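To start, the structure itself, in structure tokens.
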Amino acid sequence: MQLNRSLLKEATKEGLLSEQQADRLWAFLDERRKDKPEFRSTHILYYLGGLIAIGAMSLFMTLGWERFGGWGLFSIALAYAGAGLWLTEFFLRKSRLRIPAGITAAFVVALTPLAIYGLQVALGWWADGRYLRNYHTHIDWRWLFMELATLACGVIMLWRYRLPFLVMPIAATLWYLSMDLAPFLFNEMGTPWELRKFVSLWFGLLIALLGFWVDIRTRQDYAFWLYLFGAIAFWCGLSTMYLDSELDRFIYLCINLAMIAVGAVLSRRLFAVLGGLGATSYFAHLAYDVFRDSIIFPFVLTIIGLGVIYLGILWQRHEQTISNKLYGMLPTPMRELIERRH
């Protein structure tokens, strides 16, 4: 349950807290929540403005920018990066605003592909047929230098500032890297589609596991973006693979149910949402392919659904006992992580 002002008012009515204590507690909690990303007007404006600025230098860059030439693009990237670094220091040191500081720091990292591209063009190291705006829409092994440089810049900035939003460009670049590695390692663009899906699946799993390792070792939420891009890459690779038997599809269902369980344990809704989509697609396959003309299947599926609800009721009745037993079996870092997430 999330603690809010109305709950504190109820507590004062019940005599658990005085109004003065409730006000002081709320002021303390509100101060602690100031630097935690939440769905509040101020934070929405922060992220909206930041994403527009980042998008302007990446996703929404037009072909007209090619007129600046290599050295022009490189110089613009450096100038914008300098401004971003100044703003980061200003927000962090002078204004004590960690969320805007994280956004401007991520803006600096997002400029790295522009700087590397401009430098390559200026030095004559760039082949014709690809432009910077294609970086976000086309898979090509030639992006690898830009991706590796972005990762290096992101790691340095994260080491310097320790701001969780800096993980966003790092995680996004890891996702890009997973897609561009396949044509680089396996005969350029002739890489079979199945192999690309295989690379996406395992790379996504590695990123998600990296997120779990980060989640255990840190107090702040550095792992969110790693989970996001890792889980999406893994699930998309898994869900687009060719499954040639019912056993394969059942294993697919089991993996998606495991993702739901992981999402529940770690309080990461993304895993539960993706797992739910995968499970739904499996039941759709049963309904439209395996039991297409069956009268019994909808009834059986309804009974299964009601059984799952009854299982939830039993779990709620014995939740404390079961949770305590399972909790005691977990290693200490995992217990601490669950305590923080719940």
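Tell me yes or no: at least one residue of the stretch 303-315 is assigned to a helix (DSSP H, G or I), in contact with a Leu (Cβ under 6 Å, 6 or more places away or on another chain) and at negative phi. No, there is no match, as no residue in the stretch 303-315 is assigned to a helix (DSSP H, G or I), in contact with a Leu (Cβ under 6 Å, 6 or more places away or on another chain) and at negative phi. Annotation: of all residues in the stretch 266-288 being of a type in the set (A, V, I, L, M), more than 18 Å from GLY204 (Cβ to Cβ) and surrounded by fewer than 17 Cβ atoms within 10 Å (Cβ to Cβ), the one that is nearest to the chain's Cα centre (by Cα) is ALA284.
Look at (1) under 25 Å from LEU144 (Cβ atoms); (2) assigned to a helix (DSSP H, G or I); (3) of a type in the set (Phe, Trp, Tyr); (4) at pLDDT below 90 and you find that TYR80 fails only one, number (4). Residue selection: LEU243 satisfies the criterion of being surrounded by fewer than 17 Cβ atoms within 10 Å (Cβ to Cβ), under 25 Å from SER178 (Cα atoms) and in contact with a Phe, Trp or Tyr (Cβ under 7 Å, 6 or more places away or on another chain). Among the residues of the stretch 216-263, those that are closer than 29 Å to PHE291 by Cβ, assigned to a loop (DSSP other than H, G, I, E, B) and of a type outside the set (S, T, N, Q) comprise MET241, TYR242, LEU243, ASP244.
Evaluate the stretch 264-276: report whether one residue or more is out of contact with any Cys (no Cβ under 8 Å at 6 or more places or on another chain), modelled with pLDDT under 85 and not in a helix (DSSP H, G or I). The answer is yes, given that some residue of the stretch 264-276 is out of contact with any Cys (no Cβ under 8 Å at 6 or more places or on another chain), modelled with pLDDT under 85 and not in a helix (DSSP H, G or I). The single condition among (1) surrounded by 10 or more Cβ atoms within 10 Å (Cβ to Cβ); (2) of a type outside the set (S, T, N, Q); (3) under 17 Å from ASP215 (Cβ atoms) that PRO331 does not meet is (1). Scanning the stretch 1-42 for residues that are modelled with pLDDT under 70 and within 31 Å of the chain's Cα centre (by Cα) yields a total of 20. Specify the residue that is farthest from the chain's Cα centre (by Cα); the eligible residues are those in the stretch 83-109 that are loosely packed, with under 14 Cβ neighbours inside 10 Å, in a helix (DSSP H, G or I) and among the basic types (Lys, Arg). Only one residue tops the list, namely LYS94.
Just so you know, in the stretch 117-145 the residues that are touching a Leu at 6+ places or on another chain (Cβ under 9 Å) and aliphatic (A, V, I, L, M) include one that is nearest to SER178 (Cα to Cα), and it is LEU144. The residues of the stretch 266-308 that are aromatic (Phe, Trp, Tyr) and within 24 Å of LEU243 (Cα to Cα), listed by number, are PHE271, TYR282, PHE283, TYR288, PHE291, PHE297. Tell me, please, whether a residue that is under 24 Å from ALA152 (Cα atoms), at pLDDT 85 or above and either of a type in the set (Phe, Trp, Tyr) or not in a helix (DSSP H, G or I) (or both) can be found in the stretch 69-77. There is at least one residue in the stretch 69-77 that is under 24 Å from ALA152 (Cα atoms), at pLDDT 85 or above and either of a type in the set (Phe, Trp, Tyr) or not in a helix (DSSP H, G or I) (or both).
The values are calculated or read from the model by the stated rules, or taken from the named source; none is laboratory data. All figures in this text were calculated on a predicted structure; none of them were measured in a lab. Here the Cβ is made from the backbone with ideal geometry for all residues, glycine too, and neighbour counts use every protein chain on show.
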